[in-house]
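Contents: one structure, followed by commentary.
The values are calculated or read from the model by the stated rules, or taken from the named source; none is laboratory data. All values derive from a computational prediction rather than experimental measurement. Don't worry about glycine lacking a Cβ; one is built from the backbone with ideal geometry, like all the others, and counts go over all protein chains shown. Keep in mind that these areas ignore ligands, DNA and RNA; they rest on the heavy atoms of the full protein, side chains included. Shrake-Rupley method; radii C 1.70, N 1.55, O 1.52, S 1.80 Å.
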Amino acid sequence: MRYLPKSDAERAEMLREIGASSIDDLFVTVPEEYRLTRDLKVPRQMGESEIVEHFKATAALNANGYSSFLGAGAYRHYRPVVIDSLVQRGEFLTSYTPYQAEITQGTLQAIFEFQTMICELTGMDIANASMYDGSTGAAEAVMMAVRITGRDGVLVARTVHPEYREVMHTYAQHQGHDAREVGYIAEGQPGAGRIDLAALEQAVTDQTACVLVQSPNFFGVMEDIPAIADIAHKKGALLIVSIAEAVSLGIVRPPVEADIVSMEAQSYGVALSYGGPYCGVLAAKEKYLRQMPGRLVGETKDTEGRRGFVLTLSTREQHIRREKATSNICTNQALVALMTTIFLTVYGKEGMRELALQNLAKAKYAADTLSAQGKLLFAKTPRFHEFVLETDEAPEALNARLLEKKIIGGLSLSKWYPELGNATLWCATELMTRAQIDAAAAAVAAALVSAAAR
């Protein structure tokens, strides 16, 4: 490899050129206790068949026989096998930026179909392809609203995914934006678990660029989008609706009152994959087209009248505009977006509705069954397939007991919502069986009895 010189003579020549006596001199800034001064104990290399068996054994230790009730922005849904069969074709797997329309019509058409389906699902006019994930999508939507309105105030519902909020604050803190959070209605009051509309109305001012909410929100509760939109629009602010669970759109009315919709499309056929890559989406009203980051593919006709596809807009162009770019996200997720396109094509409109109904039914059964072992919070407010359960025992201790029975329990909310006490967030998708739910309820009951007896 002529571009990777690594002979001893070449290394010695480079060291002389920079004035170093040895390679060790290049690491003097690293404290000595953190440097490797002895040989690593690397196990022998394995053959291909050994590696396959090793990973099978490891997978069996990690997952076999376990039932998981985790959700919180990463959802376990069935993935049709045709997805991997198609996305692994060389035409899609090895392609990157479709700048040359003449040779990338397949990739461009796939992106165009993706954008079209996202618009139909969200009720928006335009959609991009795409952001990294739901968190960056929400943050980019906020920055987009700031550019559109010329205002600096940002209001974020405390019911938005905590990690989405963290990413948004990271974006905002060095750009001088005043990002504030609005609380939710407490348990026991009408609309419990939703954003506090009275507090929101008081917080929105003439300097508010946007209001960011999530629906279904982090508690699984559906927000009152029309009411929130009225409050935001009266003061000239934009409404951004973040959707972490895309399957909800199979039955939930799309947030057509929003100006911008940010969505995590992982549920549409993208594997959990230890946290990524996922599929962030931005959709908006057409009048905001020029401020949308990412890429947009359009349909056109060639000189002979044949249908074709082109990269209509790549507004970020950070490699040219640098600090004037609309975004510093420097690629799209075309391959992952293709997974969602295939998923939506396989399921279709009726299939998406049936899938959403199955999720509703499984979650209702799980909530009803588990509520016998604790208190179901926000129970009277409409929700999708997640629910909050409060128990007498601390979530960490309870989940440790459940794990002994190969049950991964709900997510502890104490880190982000300490006021909720021993609350956990549970999720049940279409892959959860009645037997698994019954087993979880029995395990929770046994764990609470054991804890009470101590």
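Brief remarks on what is shown
- Under the Karplus curve 6.51 cos²θ - 1.76 cosθ + 1.60, θ = phi - 60°, whole-Hz ³J(HN,Hα) for the stretch 209-219, x wherever Gly or Pro sits: 7, 7, 10, 10, 10, 10, 8, x, 7, 5, 7
- Sequence ranges 166-176, 223-233, 118-128, 207-217, ranked by mean other-Cβ count within 10 angstrom, highest first: 207-217, 118-128, 223-233, 166-176
- Computed accessible area, Asp178, all protein chains, 1.4 angstrom probe, square angstrom: 70
- In the assembled protein chains, Lys362 presents an accessible area of approximately 60 Å² (probe radius 1.4 Å).
- Paired Rg and Dmax values of the stretch 9-137, which use every Cα atom, in angstrom: 24.9, 65
- Over the stretch 65-224, volume per residue of the alpha carbon convex hull, in Å³: 178
- Whole-percent carbon and sulfur share, accessible surface of the chain, 1.4 Å: 54
- Thr345 paired with Ala400, simple spin-label distance in nm, labels 7 Å along Cα-to-beta-carbon: 5.0
- Burial ranking of peptide ranges 33-43, 106-116 (average Cβ count within 10 Å, highest at the top): 106-116, 33-43
- Cα-based Kirkwood hydrodynamic radius, the stretch 328-374, one decimal, Å: 13.4
- Greater than 28 Å apart at Cα, pairs in Lys234/Lys349; Lys362/Lys405; Lys56/Lys405; Lys234/Lys287; Lys362/Lys406: Lys234/Lys349
- Farthest toward the positive end of the dipole of the chain, out of Ile231, Gln115, Ser242, is the Cα of Gln115, where the dipole comes from beta carbon charges about the Cα centre.
- In the stretch 81-344, a dipole from Cβ-located charges (positive for Lys and Arg, negative for Asp and Glu) runs towards its positive end, and of Gly90, Gln175, Thr208 it is Gln175 whose Cα lies farthest in that direction.
- Dividing the Cα radius of gyration of the chain by its Kirkwood radius returns 1.03 for Rg/Rh.
- Computed extension gain for Asp302 through Lys234, at 0.36 nm per residue and net of the alpha carbon distance, reaches 20.0 nm.
- With the biggest extent put first, the Cα atoms of the stretch 336-454 measure 54, 30, 29 Å across the principal axes.
- In the chain, the DSSP beta bridges split such that about 55 percent are antiparallel, to the nearest 5.
- Radius of gyration and maximum dimension Dmax of the stretch 81-344, Cα, Å: 18.5, 66
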